[in-house]
Amino acid sequence: MEDKITVAHVQLSSCCGCLISLVDTYEKFLDVLNSIDLVYCQTLMDAREIPEADVILVEGAVCLEDHHALEVAREVRKKGKTVVALGACAALGCITRFAKGGQMPKPVQGSFSSLTEIIRCDMAIPGCPPSPELILGVITALIKGDEEYLKPFRRYAVCKCESCGCDLIINVVNKSLCMGCGICSASCPTRAIEMVDGRPVVSPQLCVKCGVCSFQCPRIEI
Amino acid sequence: MDPLGSYKSIISARATDKRILKRCQDGGIVSAVFIYGLENNILDGVIVADKEEGFRPVPKVATTPEEVLEAAGTKYTVSPNLSVLKSAIREYACEKVGVVGTPCQILSLRKALKYPVGFRHMVDKVKLLVGIFCMENFPYMGMRIIVEELCGVRIEDVVKMDIGKGKFWVYTRWGEVKSVKLKKTHPYEQSSCHVCTDYTAELADISTGSVGSPDGWSTVIIRNERGEEIINKMIEEGYLERRPIDEGKFGLGLLKKLALVKKEKNMKEIEHRKELGLPVPPDVCH
């Protein structure tokens, strides 16, 4: 057990979709469980206290009206050697950017920030959710210490992007870098991007600000 | 570094199927490879660029040889082929997908295969990447101006377009052939092509294009084992006929020269953009 890395999974304000995405790797998930030492994951196991861990995967945004959430965020930073903001809510805010409170049963809870805004994260992964294969790729790279593979995610943790479809327009189309490959359109989980005359047109009604389209764009250096 | 990227071998080849030869651009390699793949259960869906009225390109998931044939031939404008990638896997439920694309599209797909953030269960279903040689592309209206204003042909009457011998050629359904010098078409190129340094789709499994081979034949760059296996089988089973590549000035020499021209010219543009403080794409195929 000693040479296995210890991994914790912590959930803040999220739908659990990122964890489900990891489990969606089926038998490969068993390989993952065999090659790591999972020390905390409320959905899958009975452990009450967040222990110290080599890697803490955090999914979800931080609710500022919930002091418990803020404490968990700080605890995560203290206990984790490498803190990974897993998925768009933790990395960028995603759907929680649209929250404004006034809903039952907690009408006062209306301010959500991405984890990257609250604590320093070592890595951030966009996507709603990130695909099973991608999460697997990151965990495998963490086990092997493959820094080359992890580089984009380390950079993503400190980049200040809007994580909106607008990023594509401002950083790629407006900068005469878009050549119309269409990968952004295919990657969008809500089909908010239509290719018109070889360029992306983003529907602001459908975009959930998950950041996938611009991460997937080959013309942006991440 | 080799201006053609890394590869195992280069040959000249053409399809043997008359249906392909009737509709294809040069040697019909892309159509032949995809039809071979579909007929022999190596592929069950291929992403191609079809066209609608007025030569408007439409990315399409083809699952039968007939659909591949319908989409044969080059479109000199942007077809966002990768936009149907997820649809091929989800809606069409394809498990062995072939994709044809320009060098930038192949690069984009390789990135998605390495970092499939938004692509659940896609990586193991993309089985073959076929790249086409590309110097630059035209936005749809740019292409239309070349055809209608520079060549004086109504877009509805066009059956084929081609680039070769320093000219842009337009063939009409009345049998007319019009052409215009490439010098005149340069202003209608999309500017994002000028920061691309990949002429031969260096990250594909197989790359193909007309340059380097006689009329009616295509140059085929076989880049890895996957590409080699499929091309060898196609030759063995009579889907393709091959001839050795002309190693001389008008064969491999010309291909290498054009690949190098694109690299050097567009590296200058990249440097120029840097001087202006404009963003540039990540350096992958410089």
**Fill in**
Among B:Phe168, B:Met135, B:Pro214, the residue whose Cα sits farthest towards the positive end of the charge dipole of the protein assembly as shown (+1 at Cβ of Lys and Arg, -1 at Cβ of Asp and Glu, taken about the Cα centre) is B:Phe168
**Request:** Using only the alpha carbons, work out the radius of gyration and Dmax of the protein assembly as shown in angstrom.
**Result:** 24.9, 79
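Can you give the average number of partner chain beta-carbon atoms within 10 Å of each beta-carbon in peptide B:275-281, as a whole number? Don't skip to the end; give the middle numbers.
Values: counts 0, 0, 0, 3, 8, 4, 8.
What the average comes to for B:275-281 is 3.
Within 10 Å of each Cβ in peptide B:186-193, how many partner chain Cβ atoms are there on average? Round it to a whole number, please.
Values: counts 0, 0, 0, 0, 6, 4, 11, 2.
What the average comes to for B:186-193 is 3.
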**Prompt:** Going 7 Å from the Cα of A:Asp197 toward and past its Cβ, which residues in the range B:78-103 have a backbone nitrogen under 14 Å from where you end up?
**Reply:** B:78
**Close Lys-Lys pairs in the range A:5-158, where close means Cα under 26 Å and separation is 8 or more or interchain** = 9
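In the range A:132-222, how does Rg compare with the Kirkwood Rh, expressed as the Rg/Rh ratio over alpha carbon atoms? All intermediate terms of the calculation are to be shown ahead of the outcome.
Details: Rg = 14.1 Å, Rh = 14.0 Å.
My calculation puts Rg/Rh at 1.01.
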**Message:** With unit charges on the beta carbons (Lys and Arg positive, Asp and Glu negative) and the dipole taken about the Cα centre of chain B, which residue among B:Pro281, B:Gly118, B:Ser12 sits farthest to the positive side?
**Reply:** B:Pro281
**Request:** List the residues of the range B:67-91 that lose 20 Å² or more of accessible area once all protein chains are present, compared with their chain alone (1.4 Å probe, heavy atoms only, no ligands or nucleic acids).
**Result:** B:Val78, B:Pro80, B:Leu82, B:Ser83, B:Lys86, B:Glu91
**Whole-percent carbon and sulfur share, accessible surface of the range B:138-189, 1.4 Å** = 54 percent
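Just from its helices, what would the mean residue ellipticity at 222 nm be for the protein assembly as shown, if runs of 4 or more DSSP H residues each count -39500 (n - 2.57) and the sum is divided by every residue, rounded to the nearest 500 deg cm²/dmol? Present the calculation step by step, with values, prior to reporting the outcome.
On the way: 19 runs with 164 residues, N = 508.
Mean residue ellipticity, 222 nm, calculated: -9000 deg cm²/dmol.
Please find the FRET efficiency linking A:Lys160 to B:Glu225, where r is the Cβ-Cβ separation and R0 is fixed at 41 Å, and quote it to the nearest 0.05.
Details: r = 43 Å, r/R0 = 1.05.
Once rounded, the FRET efficiency stands at 0.45.
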**Fill in**
Quick calc, B:Glu66 & A:Lys151: beta-carbon distance into FRET formula, R0 51 Å, rounding 0.05, result 0.70
**Message:** Give me the dipole magnitude in Debye, nearest 20, for chain B about the Cα centre, with unit charges on the beta carbon: positive for Lys and Arg, negative for Asp and Glu.
**Reply:** 540 debye
**Asked** Hey, what's the protein assembly as shown come to in accessible area per residue, 1.4 Å probe, Å²?
**Response** 45 Å²
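Sequence gap at least 6, Cα distance under 8 Å: using those rules, report the relative contact order of the range B:61-138 to the nearest whole percent. Walk me through the numbers on the way to the answer.
Working: 67 pairs, mean separation 28.3, N = 78.
The normalised contact order for the range B:61-138 reaches 36 percent.
May I ask for the accessible area buried between chains A and B, both sides summed, probe 1.4 Å, to the nearest 100 Å²? Don't skip to the end; give the middle numbers.
Numbers: alone 11940 and 14220 Å², together 22990 Å².
That pair of chains buries around 3200 Å² in total.
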**Prompt:** So what is the relative contact order of chain A, in percent, for Cα pairs below 8 Å that sit 6 or more residues apart?
**Reply:** 18 percent
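First measure r as the distance between the Cβ atoms of A:His68 and A:Thr190, then evaluate 1/(1 + (r/R0)^6) with R0 = 35 Å and state the FRET efficiency to the nearest 0.05. Before the final figure, lay out the partial values.
Details: r = 30 Å, r/R0 = 0.87.
Calculated transfer efficiency: 0.70.
Given a cut-off of 26 Å, name the pairs among A:Lys160/B:Lys268; A:Lys209/B:Lys51; B:Lys75/B:Lys262; B:Lys127/B:Lys167; B:Lys22/B:Lys263; B:Lys165/B:Lys263 whose C-alpha atoms lie farther apart than that in the structure shown. List each step's numbers first, then the result.
Working: A:Lys160/B:Lys268 30 Å; A:Lys209/B:Lys51 33 Å; B:Lys75/B:Lys262 20 Å; B:Lys127/B:Lys167 35 Å; B:Lys22/B:Lys263 34 Å; B:Lys165/B:Lys263 20 Å.
Among A:Lys160/B:Lys268; A:Lys209/B:Lys51; B:Lys75/B:Lys262; B:Lys127/B:Lys167; B:Lys22/B:Lys263; B:Lys165/B:Lys263, the Cα-Cα distance tops 26 Å for A:Lys160/B:Lys268; A:Lys209/B:Lys51; B:Lys127/B:Lys167; B:Lys22/B:Lys263.
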**Item:** Farthest toward positive dipole pole in the protein assembly as shown [+1 Lys/Arg, -1 Asp/Glu at C-beta], among A:Val173, B:Ala201, A:Ala88
**Value:** A:Val173
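In percent, what relative contact order does chain B have, based on Cα pairs under 8 Å that are 6 or more apart in sequence? Mind showing how you got there, number by number?
On the way: 545 pairs, mean separation 67.7, N = 286.
The value is 24 percent.
List the residue ranges in chain B for DSSP H helices whose C-alpha atoms run 20 angstrom or more along the long axis and whose Kyte-Doolittle average is -1.0 or above.
Numbers: long enough: B:252-275 (35 Å, -0.90).
Passing helices, by number: B:252-275.
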**Message:** Please compute the modelled spin-label separation between A:Ser35 and A:Gln205, points set 7 Å along Cα→Cβ, answer in nm with one decimal.
**Reply:** 4.5 nm
**Prompt:** Two-decimal Rg/Rh of chain B from alpha-carbon positions, Kirkwood Rh?
**Reply:** 0.94
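The values are calculated or read from the model by the stated rules, or taken from the named source; none is laboratory data. Computed from a predicted structure; not experimentally measured. Counting neighbours? That spans all protein chains shown, and the Cβs are built from the backbone with ideal geometry, glycine included. Ligands, DNA and RNA are stripped out before the accessible areas are found, and what is left, the full protein with its side chains, is counted by its heavy atoms. Shrake-Rupley method; radii C 1.70, N 1.55, O 1.52, S 1.80 Å.
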